[in-house]
1. For the chain, calculate the relative contact order in percent as a whole number, restricting contacts to Cα pairs under 8 Å that are 6 or more residues apart.
2. Which distance in Å, rounded to a whole number, links the C-alpha centroids of the stretch 82-108 and the stretch 1-76?
3. Which of Tyr53, Tyr20, Tyr70 ends up with the largest GNM mean-square fluctuation for the chain, with Cα atoms connected below 10 Å?
4. For Lys36, which lysines qualify as cross-link partners when the Cα separation must be under 24 Å and same-chain residues fewer than eight apart are set aside?
5. Which value at 222 nm does the chain reach when only helices count, each DSSP H run of 4 or more adding -39,500 (n - 2.57), with the total divided by all residues and rounded to the nearest 500 deg cm²/dmol?
Amino acid sequence: MVSYSDKEVKKWSWIKHQSYIPSSDALGNGSAANRKLIEKFPIENINHNPNNYPNPISIQQVLEMLDEFYPFGFIPIRINEDGNLLDGQHRLKFALMCGLKYVDVWVDNNVNS
């Protein structure tokens with residue numbers, strides 16, 4: 001995790017050359033919520049079924065993230081111990097569209113499949 005300025009903005013020209021962007025420490029390391037932080041977790045190991053979410057991914061939101069990326073708001077994606085995505089489907093879609101290979105994740109110890 002990295003401490004970013006809340007005013008820092010990264011443009012697509014910077015993002016497209018990354019395979020990993022460290023998440024922001026803006027929300028801490030997750031330990032207060034019984035979560036374990038894993039930095040540089042392989043995206044290919046995250047299981048995501050879009051049908052498990054009440055709202056579909058808004059491509060407009062993802063494109064806005066691509067246009068003006070605020071690293072301060074790039075918090076870890078939350079998964080359970082089985083690697084199933086619990087929270088962060090827009091951040092995951094953003095990472096995939098950027099070609100990232102790794103993201104930081106919080107593993108939630110309280111939620112199973």
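None of the figures in this text is laboratory data; all of them are computed from the coordinates on show. All values derive from a computational prediction rather than experimental measurement.
1. Computed value for the chain: 40 percent relative contact order.
2. Computed from Cα coordinates, the inter-centre distance equals 7 Å.
3. Highest fluctuation of the listed residues: Tyr53.
4. Qualifying lysines at Cα under 24 Å: Lys93, Lys101.
5. One gets -5500 deg cm²/dmol as the mean residue ellipticity at 222 nm.
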